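Let me begin by presenting the structure, written as structure tokens, before commenting on it.
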Amino acid sequence: MHTPTQDPRRWIVLAILSGSLLLISMDTTILNVAFPSLVGDLQPGAVQQLWIIDIYALALSGLLVTAGALGDRWGRKRLLMAGFGIFALASLIAVFSTEAWHVIAARALLGVGGAAIMPSTLSILRSVFTDAKERAFALAVWAAVFGGGMAFGPVVGGLLVQDYGWHSAFLLNLPVTAVIVAAGLRYLPESRSPRSTGKWDWTGVGQSIVGMLALAGGIKQLGKSGVADPLPWALLVLAVVALTLFVRRQLRVDNPLLQVRLFTKPAFSVAATAIFLPMVGMGAILFLVTQWFQYGQGYTPLEAGLRLLPAPLALICASMVAPTLMQRFAIRHVLGGGLVVLAAGMALPWTLQQFTGLGYPAFAVALTIMGVGAGIATTVASVTLISTAPADQVSSAAAIEETCYELGSAMGVAILGSTAATLYRGNLPALELDSTTLAAVRDSVGEAAHTAELLGGGVGRTLLEAASQAYTLAITPAFLMAGVLAIAAAATTWTLIPRDLRPTENH
């Protein structure tokens, strides 16, 4: 059998692409740590706070399909470099922001840059690693770097925010971008898809963007305003219509933007599900725990960042072990087992809360177990998803994978975060405050902490303790819901993935 020629630059390419992913993942976690400082400075309302957190992932998710197809035509290296240019510009806007809407706009532009960067990293990686075992290792490194960014981001972000304010969290993007662009221009190979010819499908672009944004916005609004509000249902109907038209069009045109027929492969569909459902839970949990550390436990941004480390460090270790497990055991058992471990870690805080007080040691154990499960599950799912896609359809696979990651995380913050916010308001005791102050306290735990600081004295301390207790009781049911989603993904894995699947064959 013919063995494809190995690119001698492939390990340098992997390092550059890993640095690209590191920047994206760091940017997400740095904001979580910097968020309370940003809220205290700019005083955004509850809706603005949700937009600041969510708009990055929503913009990225809405544009991933278009960006993947554009990279196939225009050149993946060229699109990657353009994405970093946009990313640097957006970071500068954020650094000089003085209003909440400035940050929202900068985060949206960061999402545009991220959409250009993310599919290109996986497409280039797939094109330079032609050996199946090396590719599995490279994808494991890719997944581990994602966890490394989560580990590195909160600590560095905490140090920066503590000494220089929340603006410095965005300023960090600039030197990292400069290094990656300089190395990328020198070492990254250019690649395109041979199928990407003919007329550009502007109709499909519009359908995909409208559909994905309406889907994300509808679920976000549903989590915030509840089932009685007609707006989220209108958005969801629009999403169903737009995405149905998009899928039907992609099945009909000669050069589709997205290879939707990939979903006819059971292993591909299950791998996408095994990324999306756990990310709904992980996105919410990392956001809620970060807020709990700072508002509920009174930690500084740096202390909060350090206390998040068990999850990403465990994820890194588990990701590097996953390829070996895939060689020794059936894919369905490794993936399903990883999802069950993840679910156990998610459910642990709620379980412990029923019998004892919930302190940091309990969260540290839970975060470690979650990290192990997420590291195994996401690595195996990523390797399976990319490896089962033909080489000329890898951009579509990459766009689908990143949509699952980013949209899942945004959905988690929107739905489970809103669930926790509703439970928080229900857990608040009767407080002797004027109506305006009480409304601020009920708005979010962040507003309650800010109000307590303004009131000061015994009243402020009593308010902070009440809000902290209410928030602690509110978040663990959301964790339990996240665990149920991971169990559902595990059940899908064992039901649909073939027993003899080995996603390491070269295509």
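Charge dipole (Cα centre; +1 on Lys/Arg Cβ, -1 on Asp/Glu Cβ; no other charges) of the chain amounts to roughly 1660 debye.
To the nearest 10, the accessible area of Leu243 is 40 Å² with a 1.4 Å probe.
Under a Cβ-only charge scheme (Lys and Arg +1, Asp and Glu -1), can you give me the dipole magnitude of the stretch 1-140 about the Cα centre, in debye to the nearest 20? Mind dumping the intermediate values first?
Working: 10 positive and 8 negative charges, 120 e Å.
Charge dipole of the stretch 1-140: 580 debye, to the nearest 20.
Note on the stretch 239-398: Rg/Rh from C-alpha atoms, Kirkwood Rh, equals 1.08. Summarising the label geometry, the points placed 7 Å from Cα in the beta-carbon direction at Thr98 and Phe329 lie 5.8 nm from one another. The residue list Trp350, Leu454, Ala90 was ranked by how far each Cα lies along the charge dipole of the chain toward its positive end, using unit charges on Cβ atoms, and Ala90 comes out on top.
Leaving ligands, DNA and RNA out of it, rank Asp41, Asp229 by accessible area with a 1.4 Å probe, largest first. Display every interim value, and only then the final one.
Numbers: Asp41 90, Asp229 40 Å².
Output order, biggest surface exposure first: Asp41, Asp229.
Maximal additional length on extending the Thr495-Lys265 stretch stands at 81.4 nm, based on 0.36 nm per residue less the C-alpha distance. Only protein heavy atoms count here; on that basis, with a 1.4 Å probe, Ile93 has an accessible area of about 70 Å².
What is the diffusion coefficient of the chain in µm²/s, taking the Kirkwood radius over Cα pairs and the Stokes-Einstein relation at 37 °C with a viscosity of 0.692 mPa s?
On the way: Rh = 23.0 Å.
Answer, rounded: 143 µm²/s.
Rounded to the nearest 10 degrees, the inclination of helix 100-128 to the longest alpha-carbon principal axis of the chain is 30 degrees.
If contacts are Cα pairs under 8 angstrom and at least 6 residues apart, what is the relative contact order of the chain in percent?
Values: 892 pairs, mean separation 114.2, N = 507.
Contact order relative to length: 23 percent.
Relative to the longest principal axis of the Cα atoms of the chain, the long axis of helix 230-252 lies at roughly 10 degrees. Distance between the C-alpha centres of the stretch 134-162 and the stretch 400-467: 29 Å, rounded to the whole angstrom. On full extension, the segment bounded by Leu174 and Leu431 gains 88.0 nm, given 0.36 nm per residue less the C-alpha separation. Among Val413, Ala399, Ala311, whose Cα lies farthest out toward the positive end of the dipole of the stretch 309-451, if unit charges sit on the beta carbon of Lys, Arg (+1) and Asp, Glu (-1)? So the residue we want is Ala311. Working note: Cα gyration tensor of the stretch 359-420, eigenvalues times five, square-rooted, sorted largest first, giving semi-axes of 29, 17, 5 Å.
When the Cα positions of Gly149, Ala100, Val205 are compared along the charge dipole of the chain, Val205 comes out farthest toward the positive end, with charges on each C-beta of Lys, Arg, Asp and Glu.
Computed over protein heavy atoms with a 1.4 angstrom probe, the accessible surface ordering of Arg252, Arg126, Arg73, largest first, is Arg252, Arg73, Arg126.
For the stretch 246-280 versus the stretch 305-348, the spacing of their alpha-carbon centroids is 25 Å. A 1.4 Å probe, protein heavy atoms only, puts the accessible area of Ser269 near 30 Å². In summary, the aspartates and glutamates within cross-link reach of Lys199, defined as a Cα separation below 16 angstrom excluding same-chain residues under 8 places away, comprise Asp72, Asp254. Phi angles across the stretch 338-352 convert, under the Karplus curve 6.51 cos²θ - 1.76 cosθ + 1.60 with θ = phi - 60°, into 3J(HN,Hα) values of x, 5, 5, 4, 4, 4, 4, x, 5, 7, 4, x, 5, 4, 5 Hz, Gly and Pro given as x. Using Cβ point charges alone (K and R +1, D and E -1), the dipole size of the stretch 415-507 about the Cα centre works out to roughly 320 debye.
Going by accessible surface with a 1.4 Å probe and the largest first, Met279, Met346 read Met279, Met346.
Each peptide among 181-188, 129-136 gets the average number of other Cβ atoms lying within 10 Å of its residues, and from highest to lowest they stand as 129-136, 181-188. Peptide packing: for 372-378, 493-499, 76-82, 399-405, the average count of neighbouring Cβ atoms within 10 Å per residue gives the ranking 372-378, 399-405, 76-82, 493-499, highest mean first. Partners of Lys77 within straight-line reach, counting aspartates and glutamates whose Cα lies under 20 Å from its Cα and excluding those fewer than 8 residues away in the same chain: Asp7, Glu190, Asp392, Glu401, Glu402.
The values are calculated or read from the model by the stated rules, or taken from the named source; none is laboratory data. Since we're looking at a predicted model, the values are computed, not measured. Methodologically, a virtual Cβ is constructed for each residue, glycine included, from the backbone with ideal geometry; neighbour enumeration extends over all protein chains shown. Each accessible area value is taken on the protein alone, full model and side chains, heavy atoms only, with ligands, DNA and RNA left out. Shrake-Rupley method; radii C 1.70, N 1.55, O 1.52, S 1.80 Å.
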